[in-house]
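Visitor: Here it is: the structure, laid out below.
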Amino acid sequence: MSIFIDKEKCKKCGKCAAVCPGSLIGKNPDGTACMRYPKDCWGCSSCIKECKFGAIALYLGADIGGMGSKMTVNAEDGKLYWNIEKRDGTTEQVVINQKESNKY
Ligand code: SF4
Ligand code: SF4
């Protein structure tokens, strides 16, 4: 599992690197974020949730049926919106109400 960082969207804030528990994210010479050790990423999604500019996506690999789709997330009004962009350009969205997410 790994992430994709869109250099065009990156604002060089460094927050993704600060929250990665494996210190896997570094900086390019121009200050944008870069993934240093893609094979070590376990897909915890901390960096994706921290990036407020939508610059980081999680690759959904074949092992979980994602077939190379990319997933981003944004939060609004107590809800998480997980946005999936498939390789054919189609999209899907999963909405999670954070207030309800811990109810059984
Ligand atoms: S959190 Fe987003 S904008 Fe900030 S450095 Fe990381 S990728 Fe760039
Ligand atoms: S998904 Fe988790 S482990 Fe992977 S780069 Fe982001 S913060 Fe680090």
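Visitor: What residue, among those in segment 23-69 that are over 13 Å from Lys7 (Cα atoms) and basic (Lys, Arg), is least open to solvent (accessible area, probe 1.4 Å)?
Guide: So, considering only residues that are over 13 Å from Lys7 (Cα atoms) and basic (Lys, Arg), the one least open to solvent (accessible area, probe 1.4 Å) is Lys49.
Visitor: Here are the criteria: (1) without any contact (Cβ under 8 Å) to a residue 40 or more places away in the chain; (2) away from ligand 2 (no atom under 11 Å from the Cβ); (3) under 13 Å from the mean Cα position of the chain (by Cα). Tell me which single one Ala55 does not satisfy.
Guide: Every listed condition holds for Ala55 apart from (1).
Visitor: Can you spot a residue in segment 70-86 that is at positive phi, surrounded by 14 or more Cβ atoms within 10 Å (Cβ to Cβ) and at pLDDT below 90?
Guide: So the first thing to find is which residues in segment 70-86 are at positive phi, and the list is 77-78.
Next cut, surrounded by 14 or more Cβ atoms within 10 Å (Cβ to Cβ) only: none.
Within segment 70-86 (the criterion being at positive phi, surrounded by 14 or more Cβ atoms within 10 Å (Cβ to Cβ) and at pLDDT below 90), the answer is no, since none of the residues qualifies.
Visitor: Can you name the number of the only condition in (1) more than 8 Å from ligand 2 (Cβ to nearest atom); (2) touching a Phe, Trp or Tyr at 6+ places or on another chain (Cβ under 7 Å) that Leu24 fails?
Guide: So Leu24 meets the others, but not (1).
Visitor: Right, another one. Would you mind telling me which numbered condition in (1) in contact with a strand residue (DSSP E or B) (Cβ under 7 Å, 6 or more places away or on another chain); (2) farther than 13 Å from Ile3 by Cβ Thr90 fails?
Guide: The one condition Thr90 does not meet is (1).
Visitor: Sticking with this structure for a sec: Being farther than 21 Å from Gly68 by Cβ and near ligand 2 (Cβ under 8 Å from one of its atoms) is the filter here, so list the residues in segment 30-49 that pass it.
Guide: Scanning segment 30-49 gives a single hit, Ser46.
The values are calculated or read from the model by the stated rules, or taken from the named source; none is laboratory data. Quantities reported herein were computed from a predicted structural model and do not represent experimental measurements. Cβ atoms come from the backbone with ideal geometry, glycine included; neighbour counts cover every protein chain shown. In case anyone asks, the SASA skips ligands and DNA or RNA and just uses the protein heavy atoms, side chains included. Shrake-Rupley method; radii C 1.70, N 1.55, O 1.52, S 1.80 Å.
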